[in-house]
Amino acid sequence: MVRLAEWVAAATPLPQDPQAVVDGLCTLHLPRPPTTVLGVLGYDERLVASASFSLERSRPDGWEYRNALLDPLRRITPHDLRRRVPSRTAVLLCARFGESGWTTVDGAWMWGLRDACTLHGLRCGAYITLTSSGWRILGAHRSGRSPSATTVSGLLGDCSGAA
């Protein structure tokens with residue numbers, strides 16, 4: 001498990017336009033709690049691949065989360081293990097009930113994301129929570145009210161939050 005202070009100290013690269021990344025992932029996957037969305041960003045920070053899945057555990061386990069991330073990574077994008085420096089970045093968006101602050105489940109997902117990126121030759125990117133109050137990049141002071149888990153799963157059926 002990764003503690004939030006350790007995640008911040010690792011200087012995880014943040015997207016230049018996090019709103020565009022969140023909007024793109026939500027538009028493609030319409031995540032509702034408890035859905036996890038894995039996105040791969042190209043060198044220009046455009047979304048080049050993504051996958052979504054649900055995985056609920058009674059006890060957070062970083063090893064299982066890592067394996068859950070490696071499976072779709074292998075299906076949606078080739079590895080970059082032969083590159084000296086990773087050219088693509090993986091980001092993780094977790095739609096959930098409750099507050100957007102750090103939890104031990106987030107710590108397990110962060111560990112899984114970091115390890116899966118290492119094993120697949122990707123740069124480890126932002127960890128984003130999506131709750132009824134909006135989205136938030138953990139370890140950074142970046143957040144927004146829209147989209148939210150409510151607008152994604154609400155009657156509008158879209159991720160924009162616009163009426």
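Coordinate-derived values only; no laboratory data. Remember, it's a predicted structure, so these values are computed and weren't measured experimentally. Cβ placement follows ideal geometry from the backbone for every residue including glycine, while neighbour counts extend to all protein chains displayed.
Some observations on this one:
- Selection within the stretch 102-132 - outside any helix (DSSP H, G or I) and among the polar types (S, T, N, Q): Thr103, Thr129, Thr131, Ser132
- Test: residue in the stretch 52-62 that is in contact (Cβ under 8 Å) with a residue 40 or more places away in the chain, in contact with a Ser or Thr (Cβ under 7 Å, 6 or more places away or on another chain) and surrounded by 18 or more Cβ atoms within 10 Å (Cβ to Cβ): no
- Residue in the stretch 20-38 that is without any contact (Cβ under 8 Å) to a residue 40 or more places away in the chain, farther than 16 Å from Pro147 by Cβ and either surrounded by 17 or more Cβ atoms within 10 Å (Cβ to Cβ) or more than 13 Å from the chain's Cα centre (by Cα) (or both) present: no
- Enumeration of residues in the stretch 1-53 that are in a loop (DSSP other than H, G, I, E, B), farther than 14 Å from Leu113 by Cα and of a type in the set (D, E, K, R): Asp17, Arg32, Asp44, Glu45, Arg46
- Taking the criterion of being in a loop (DSSP other than H, G, I, E, B) and either closer than 19 Å to Gln16 by Cα or of a type in the set (Phe, Trp, Tyr) (or both), the residues of the stretch 71-101 that qualify are Pro86, Ser87, Arg88, Phe97.
- Exclusive hit being crowded, with 17+ Cβ neighbours inside 10 Å and either at positive phi or not basic (Lys, Arg) (or both), set Gly101, Gly112: Gly112
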